[in-house]
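The values are calculated or read from the model by the stated rules, or taken from the named source; none is laboratory data. Quick caveat, the model's predicted, so the values are computed rather than measured. Heads up, the Cβs are rebuilt from the backbone with ideal geometry, glycines too, and the neighbour counts pull from every protein chain shown.
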Amino acid sequence: MLDMILSQAVNGLVLGFLYVLIAVGLSIIFGMLGIVNFAHGAFFAIGAYFALVLNREFGWFAALLAPIATGAVGVAVEMLLIRRLYGKEPLLGLILTFALALLFEAILRMMFGGAPVPFTAPKFLAGFVEYGPILITKYRMFVLAVTVLALVAFWAFLAYTPFGRIIRAGSRDAEMVGLLGINLPIVLSGVFGIGCLLAGLAGMLAAPLWTVQPSMAAGAIMPAFVVVTIGGLGSYVGAIIAGLLVGITTAMTIQFYPEWAGAAMYVLMAAILLVRPRGLFGEKWERFE
Amino acid sequence: MNDHSINRSKFGTIGRRGLLLGAGALAASRLPMPYIGNAAAAEPIKIGMIWAKTGSIVDQAEYLAQGSMLALEQRNNTLLGRPAEIVWLDEPNPQGAQQNAERLVGEHKVVGIVGGALSSFALAISAVAKKAKVPFIAANAAAGALTGSSCNKYTFRLQPPVDVHTNVLAPYCASIGKKWYVLTAAYAFGQDIKKSFTDYITANGGQVVGADEVPVGTPDYSSFILKIRAAKPDVVIGGIAASDLTTFLKQWNELGMRGKIPFAEIAVGNTDLWGVGPEAADGLFTLTWYYQNPNNPPEEKAMAAAYAKKYNRPAADKTWMGWMGMKALLDSIEAAKSTDAAAIVGALEKWNMKRGAITAGYRDFDHQMTNSLLVAGIKPKITDKWDYFDVRAELPADEAGIEKAFGSKANSACKMDSL
């Protein structure tokens, strides 16, 4: 039994890291822009479809450009639509991003049809390795490595670059940053683009594992919201810890109470919110109070 | 947009010159004839269609809807000498399916409904059909209750119920081994499969070494697959539908299980496997129809050719089911010479179609269509991106076999009500 628990825990970690990648983008967009992005799942799907097309036309290494392409779509959406909502009624943001989610799904359906499209991992990442009771596929190890690398790189970007410092300052007091002569609109476009880039990266990595179809956003957006809520809205560290918690809890529930597998993460969320209503690392943010 | 009126949508593409030319031609065509039009002749007959436009079953619903629309197009969009149109609404969930069925009846005044991509949706629509007294063809749902304990006079079902699929596939699975692991969806369809296959194997000296119910829309099956791997069954019986099955088979292959433990599932859709891809496709299945089956009747071959010409891809099993469900309804309206619900129900009970050695039709005591099924495996080498299946058998092969597989009136759980 200990073997199975160990095996499921490792498996849950991989699943959790994928959730983290989806959730971090959602979390930073809320933290910096104050927008709850219901279209985040759609950017995840767009990332998967970009990877599909680039892989089909130019090979697997070209598919690695999918997150950048998704980020570019995000920047365009922010410049055309999202920026008009800053400082306005939060409900407007919810309605717009919900409409965008439906619109992007319809566009994908129009372009590629509603049926799933085959997409498998590259041959050099096929197969699996076994360490005692632990079985992990090479592709999942690749997902794990890329996710950790992306999270560390993004953290370093926020912590050590001038642009990162502007983002952090802008998230706390946008007006003051503007008064200091910094072009905040460009910074905010960049933040939305980075959030979408992370969603696109998650979509690209999930495409060989999940079913690639226009409605695949639904499978991503709900766990992402749960992870962000558990971690605390806007918290980077919170999203990471919550993602791993959700992944491991789901895997363990499948092992011991499979009929509760779908509800496990919601039960976890309810339990944590009862103790900490702002989530594990949620802070009191003056501008959202 | 939730509504979709097929005929109206075409008008949007006609320019001013086309409109004037068309109006002129229409006016000229009426000149030699005496004017005998009336209000009823101008009013199109409306047929309701409820196939998912969103959600996990949307990939199958696209083919179901296209097949249904093709059935009306093949009649030049006319019924009883009047124009006819389809009103297509969504089924996002059982509640949504029920509300949209009520809208079709109350708002659009449809004379019949085809739809119900999932069993839970079909059961919800069926309740409305019974209450509103409108004929309903459930063309895809397989849960037994639809023509069993929840049957009613206005509901007809095309897909054979789970028990029939099980009777056809289970002997093949038992010949591989007697230790089964059952992985099914956590709703009516999956629960029927779990019960049906468990009953079969325990009655035949085998055992179920593990059983899990999986939530709909599960994105990651790896934890379930690790449990299956540890249980070491001879066969895995699946009961997960549409894109969930696609995801499962992709991860089954990714975790190196493809070819190691045989996988079997009933009533799969072609689209489920097309999405898996040739490298990962695996399993033994029952199918309701396959476009490459040489025994398909000429009318179905013509439908498949018309579909391929229009959509530039082969007709899927779901295309056939949407087409067959709509065709039965339209044929019955013509046979009844009326849009009266009772007359259409009477005509549906008499409707049939010769398919090889058997005659497909709805039984009057439970409104279940009796038909044969295909047992199919995945081709060892897939060279055509659409042609995945090797058809191994067509069962039941004759009328005697039909009664045995579908059961008799005495065995039916349906207590049919009156009109």
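Considering (1) within 14 Å of chain A (Cβ to nearest Cβ); (2) under 30 Å from A:Ile134 (Cα atoms); (3) among the charged types (D, E, K, R), the lone condition that B:Glu265 does not fulfil carries the number (1). Among residues of the stretch B:214-231 that are not assigned by TED's automatic domain parsing to the domain that holds B:Ala186, none has a beta-carbon under 8 Å from a residue that is at pLDDT 90 or above and assigned to a helix (DSSP H, G or I) at least six positions away or on a different chain. All told, A:Val237 meets the bar of being within 17 Å of the chain's Cα centre (by Cα), loosely packed, with under 15 Cβ neighbours inside 10 Å, part of a helix (DSSP H, G or I) and away from chain B (no Cβ under 13 Å). Checked against (1) crowded, with 24+ Cβ neighbours inside 10 Å; (2) in a strand (DSSP E or B), B:Val209 meets all criteria but (1). Taken over the stretch B:228-247, the criterion of being in a helix (DSSP H, G or I) and either in contact with a Ser or Thr (Cβ under 8 Å, 6 or more places away or on another chain) or within 7 Å of chain A (Cβ to nearest Cβ) (or both) is satisfied by B:Ala230, B:Ala242, B:Ser243, B:Asp244, B:Thr246, B:Thr247. From the list A:Phe119, A:Phe142, the lone residue that is outside any helix (DSSP H, G or I) and either basic (Lys, Arg) or within 27 Å of B:Leu245 (Cβ to Cβ) (or both) is A:Phe119. Checked across the stretch B:303-316, the condition of being within 30 Å of A:Leu52 (Cβ to Cβ) and touching a His at 6+ places or on another chain (Cβ under 9 Å) holds for no residue.
Looking across B:Glu102, B:Glu107, B:Glu85, B:Glu91, one residue alone is surrounded by 24 or more Cβ atoms within 10 Å (Cβ to Cβ) and farther than 24 Å from B:Gly361 by Cα. It is B:Glu91.
For the stretch B:139-174, a residue qualifies if it is without any contact (Cβ under 8 Å) to a residue 40 or more places away in the chain and touching a helix residue (DSSP H, G or I) at 6+ places or on another chain (Cβ under 8 Å), and the qualifying residues are B:Leu146, B:Ser150, B:Ala170, B:Ala174.
Of the listed requirements (1) modelled with pLDDT under 95; (2) of a type in the set (Gly, Ala, Ser); (3) more than 15 Å from the chain's Cα centre (by Cα), B:Gly48 misses just one: (1).
Of all residue pairs spaced 6 or more apart or on separate chains, those with beta-carbon atoms under 8 Å, a first member in the stretch A:210-224 that is at the interface with chain B (Cβ under 7 Å from one of its Cβ atoms) and part of a loop (DSSP other than H, G, I, E, B) and a second member that is modelled with pLDDT of 90 or more and surrounded by fewer than 24 Cβ atoms within 10 Å (Cβ to Cβ) are A:Gln213/A:Val117. Among the residues of the stretch A:240-278 satisfying the criterion of being in a loop (DSSP other than H, G, I, E, B) and of a type outside the set (D, E, K, R), which is nearest to the other protein chains (Cβ to nearest Cβ)? Filtering the stretch A:240-278 for residues that are in a loop (DSSP other than H, G, I, E, B) and of a type outside the set (D, E, K, R), the one nearest to the other protein chains (Cβ to nearest Cβ) comes out as A:Gly262. All told, B:Thr166 meets the bar of being crowded, with 20+ Cβ neighbours inside 10 Å, among the polar types (S, T, N, Q) and in a helix (DSSP H, G or I). Check whether at least one residue in the stretch B:342-365 is more than 27 Å from B:Glu403 (Cβ to Cβ) and either surrounded by fewer than 23 Cβ atoms within 10 Å (Cβ to Cβ) or in contact (Cβ under 8 Å) with a residue 24 or more places away in the chain (or both), and report yes or no. Within the stretch B:342-365 (the criterion being more than 27 Å from B:Glu403 (Cβ to Cβ) and either surrounded by fewer than 23 Cβ atoms within 10 Å (Cβ to Cβ) or in contact (Cβ under 8 Å) with a residue 24 or more places away in the chain (or both)), the answer is yes, since at least one residue qualifies. A:Phe163 falls short on exactly one of the conditions (1) within 22 Å of A:Val77 (Cα to Cα); (2) crowded, with 18+ Cβ neighbours inside 10 Å; (3) out of contact with any helix residue (DSSP H, G or I) (no Cβ under 6 Å at 6 or more places or on another chain), and that condition is (2).
Is it the case that some residue within the stretch A:120-143 is under 20 Å from A:Val24 (Cβ atoms), small (Gly, Ala, Ser) and in contact with a helix residue (DSSP H, G or I) (Cβ under 7 Å, 6 or more places away or on another chain)? No, the conditions are met nowhere in the stretch A:120-143. Scanning the stretch A:63-109 for residues that are of a type in the set (D, E, K, R) and surrounded by 14 or more Cβ atoms within 10 Å (Cβ to Cβ) yields a total of 4.
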